[in-house]
Each structure stands twice: as C-alpha cells, then as structure tokens.
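The values are calculated or read from the model by the stated rules, or taken from the named source; none is laboratory data. Please read these numbers as outputs of a predicted model, since none were measured by experiment. Don't worry about glycine lacking a Cβ; one is built from the backbone with ideal geometry, like all the others, and counts go over all protein chains shown. The accessibility values were calculated without ligands, DNA or RNA, using every heavy atom of the protein model including side chains. Shrake-Rupley method; radii C 1.70, N 1.55, O 1.52, S 1.80 Å.
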Amino acid sequence: MRLKAEESKLAIAALYRVLGASLVCCLFYNIFFFYFPSKYLFDILAPRLIMLCCLALLIYFYINPQAHFKNTVRAFLALVIVSFVPPSLYFIVMAWQGKWLLIERLPPTSGITLSLLILGLMMLPRRQKKYVVLSWSVIAIPTFHYLIYHPAELHTERGYELVSLFGPACLILYVIYPYQSGIRHHMDEMTFSLRRSEAEADRDFLTDVYNRRGLKHWLDQLTKNDQICVILIDVDHFKSINDRYGHTTGDKVLIEVASRMRSIYFEKHAIARWGGEEFTVILANPKKQSAANIGSMFQIAMSNLPYKTVGKLTVSVGQSEIQSCEHFIDLIEQADKALYYAKNNGRNQAIIYNNTLS
C-alpha cells in the first residue's frame with residue numbers, strides 16, 4: 001500500500017513537471033514570434049493555443065490530481081498529436097505534390113514538437129510512451145524521406161537544420177525508449193519483490209495472520225474518527241498440548257485456530273498473532289448494540305467443534321470497550337485484564353472489560 005502511494009505521488013509530480021515545462025516551452029516560442037514575427041499563421045497560433053490548452057489542463061489536474069490523472073495524460077497526448085502531426089504531414093504532402101518547397105513552408109516549430117515529445121517520453125507513464133515514439137516517427141520519417149529525394153532542398157541551411165534536428169532526436173528516442181523500458185521492467189520486478197517482502201514481513205510466518213508489525217500498519221490506515229474494539233483470544237492449556245503431542249501438533253492447532261477466526265466476523269477487522277498461543281482481533285467501527293455478543297461469538301465458535309489433531313479444546317476471550325483507535329494501547333490493556341480475569345475464573349469464557357474487574 002505504501003509503495004503504491006509513493007508511485008502515485010511520483011507520477012503526479014512528473015505530470016506536473018510535464019505540464020509546467022510545456023507551458024514554459026510554449027511561452028518561449030510565443031515570445032520569440034512576438035519579437036520575430038512569422039509570415040505563417042500556424043507559427044503564431046500554434047504556440048498560443050497549445051499554451052492555453054496546457055494551462056487549462058494544469059488547472060483541471062490541480063483540482064483533483066488523483067481523480068484527474070488519467071484524463072489529463074490522455075488529453076495532453078491528444079493535444080500534442082493533434083497539434084503537430086496533422087499539420088506537419090499536410091506540409092509534407094503538399095510539398096510532394098509540388099505546391100511549395102518543404103524547407104520554405106514547414107513551420108519552424110519542430111523544436112517545440114521535439115521538446116514536448118522528449119518531455120513526454122521521460123515523464124509520462126509507460127503505456128503512453130509508445131504513442132510519443134509513434135508520433136515523432138510519423139513526423140520525422142516522412143520528412144527524411146522527402147529530403148533524401150529532393151537533394152536541392154536537402155543541401156540548404158534549412159535542410160541541414162531539419163536533418164540535424166530530426167536525426168539525433170530519432171536516435172535519442174529510439175535508444176532511450178528501449179533502454180527506459182528495460183529499466184522500467186527491472187524496477188517493476190524490484191517493486192514486486194519489495195511488496196512481497198513487505199507483505200511477508202507483516203504476516204506471522206506460521207498462521208499467516210498479521211504479526212504486531214502488520215497490525216500497526218493496519219491501524220495506521222485508520223483515522224482519528226474510527227472507533228475500535230480489541231479482543232484477545234488465548235488457547236486454554238496450550239502448554240499441555242505441546243507437552244503431550246509435541247510442538248509440531250501445537251503448530252497445527254494454532255494454524256487451525258487462525259483459520260477458524262477468519263470465518264467468524266465479516267465486518268471490517270484485523271486478526272493478528274499477539275504472541276505464543278494468544279491472538280488479537282481488532283474490530284473497526286463495530287455496532288454498539290451487537291458489541292456485547294462479539295466476544296462470546298468468538299469464544300463459542302472457537303470451542304464448539306473438535307480440532308483435527310487434538311480433539312476438543314477451549315479458548316478464553318477478553319474484550320475491551322469501544323473507543324477511538326488513538327487509544328489502542330489502553331484498549332489492549334483493558335482486553336488483557338478481561339482475559340486475565342477469564343483465565344483465572346474457570347477459562348472457556350468471554351469477559352468484557354469493566355472497572356470492577358480485579
């Protein structure tokens with residue numbers, strides 16, 4: 001859970017940077033064409049429209065980054081593709097038809113195109129990067145093809161500029177993309193291993209319920225407004241089971257105890273092995289009218305049917321009051337006092353804490 005949250009934060013921060021850098025890039029071209037006006041309307045309108053769209057996307061994304069992330073990424077990709085690919089292809093097609101010279105009419109916005117595409121390749125999610133590479137290829141390859149078959153235009157300052165711009169850019173994109181994909185695959189494997197290690201570190205190796213560390217992480221996800229009830233469950237005379245049948249059989253009993261506990265209560269809760277033969281159940285926001293019977297429900301369900309390896313056994317249960325999750329330590333102490341009272345007054349019973357317990 002924490003790794004996913006960190007990944008989400010990184011993705012949101014990266015998208016903020018993409019949108020911010022795109023705004024700055026468009027602003028630069030707007031300033032450039034303000035001082036050095038172009039005779040082509042596309043050169044004047046494109047940077048301004050893209051800048052306004054990026055600003056609108058940034059505002060939309062800022063309103064709710066988590067909910068608007070996917071839509072913002074899709075809109076940004078669509079903006080880049082629609083703004084640059086069709087116009088570039090239009091100029092190339094018209095040049096092939098002899099309507100004009102490509103070096104004279106192709107807008108000098110290749111730089112902004114390259115900047116946005118490289119930003120997208122570096123920072124957008126992996127699934128969208130293939131569209132970045134494809135978009136650049138759709139522009140660069142036809143341009144190269146045209147210049148190769150029109151050497152008169154190729155051997156000009158503008159022709160050399162286009163070759164020097166598209167050539168290294170293609171090399172960078174086609175080298176970086178596979179390398180970045182390999183790095184990402186390696187990082188995914190590491191992330192999976194870390195998640196699995198984290199999950200294993202939060203679980204009791206024998207019973208596969210939470211250990212104390214895992215229970216703490218579960219409690220950390222609750223808010224101050226969440227109410228909890230703590231139940232402690234202890235297997236009666238467990239030492240005699242180990243002495244009579246051996247520790248292997250004792251382990252099997254604990255595994256079966258944990259398994260039964262999972263099928264008793266179905267509202268939001270957590271089960272943890274508190275230590276030895278003692279388990280704890282944390283109920284999140286239990287209904288107060290039914291809280292009085294929850295401890296007994298666990299005690300009866302755990303003691304009613306015989307166990308596979310040892311037959312009949314019983315458990316003692318101590319239950320706390322219902323308070324805010326901030327008072328977990330106090331509630332554990334209450335449940336422990338109630339459990340102590342149950343074990344010292346006949347066992348095989350469920351006791352709810354109150355101030356009169358001694």
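The table below gives the values:
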quantity: Residue pairs meeting the criteria (Cβ under 9 Å; at least 6 apart or on separate chains; first closer than 30 Å to L106 by Cα, in segment 44-70; second of a type in the set (G, A, S) and part of a loop (DSSP other than H, G, I, E, B)); calculated: I44/S38
quantity: Failed criterion for L147 (all others in (1) open to solvent by 10 Å² or more (accessible area, probe 1.4 Å); (2) at pLDDT 70 or above; (3) part of a helix (DSSP H, G or I) hold); calculated: (1)
quantity: Matching residues, segment 221-237, being under 16 Å from N344 (Cβ atoms), outside any strand (DSSP E or B) and either of a type in the set (D, E, K, R) or touching a helix residue (DSSP H, G or I) at 6+ places or on another chain (Cβ under 9 Å) (or both); calculated: D236
quantity: Scan of segment 304-333 for residues that are within 17 Å of A258 (Cα to Cα) and of a type in the set (S, T, N, Q), ordered by number; calculated: N304, T309, T314, S316
quantity: From the options K216, K268, K239, residue that is of a type outside the set (D, E) and within 24 Å of K343 (Cβ to Cβ); calculated: K239
quantity: Residue pairs meeting the criteria (Cβ under 9 Å; at least 6 apart or on separate chains; first of a type in the set (D, E, K, R), in segment 129-149; second surrounded by 22 or more Cβ atoms within 10 Å (Cβ to Cβ)); calculated: K129/G120
quantity: Some residue of segment 116-135 being in contact with a Ser or Thr (Cβ under 6 Å, 6 or more places away or on another chain), under 14 Å from S22 (Cα atoms) and either at pLDDT 80 or above or not aromatic (F, W, Y) (or both); calculated: yes
quantity: Which numbered condition S240 fails, given (1) more than 20 Å from P306 (Cβ to Cβ); (2) in a helix (DSSP H, G or I); calculated: (1)
quantity: Candidates Y210, Y245, filtered to the one that is touching a residue at least 60 places away in the same chain (Cβ under 8 Å), open to solvent by 60 Å² or more (accessible area, probe 1.4 Å) and not small (G, A, S); calculated: Y245
quantity: Residues that are among the aromatic types (F, W, Y) and open to solvent by 30 Å² or more (accessible area, probe 1.4 Å), drawn from segment 76-96; calculated: Y90, W96
quantity: Residue in segment 333-343 that is more than 28 Å from K224 (Cα to Cα), touching a Leu at 6+ places or on another chain (Cβ under 9 Å) and free of Cβ contacts under 8 Å to residues at least 24 places away in the same chain present; calculated: yes
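Results for (1) at pLDDT below 80; (2) open to solvent by less than 60 Å² (accessible area, probe 1.4 Å); (3) not basic (K, R); (4) not in a helix (DSSP H, G or I), shown as yes or no for each residue.
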{"residue": "P47", "(1), (2), (3), (4)": "yes, yes, yes, no"}
{"residue": "L57", "(1), (2), (3), (4)": "no, yes, yes, no"}
{"residue": "Q66", "(1), (2), (3), (4)": "no, no, yes, no"}
{"residue": "N71", "(1), (2), (3), (4)": "no, no, yes, no"}
{"residue": "R74", "(1), (2), (3), (4)": "no, no, no, no"}
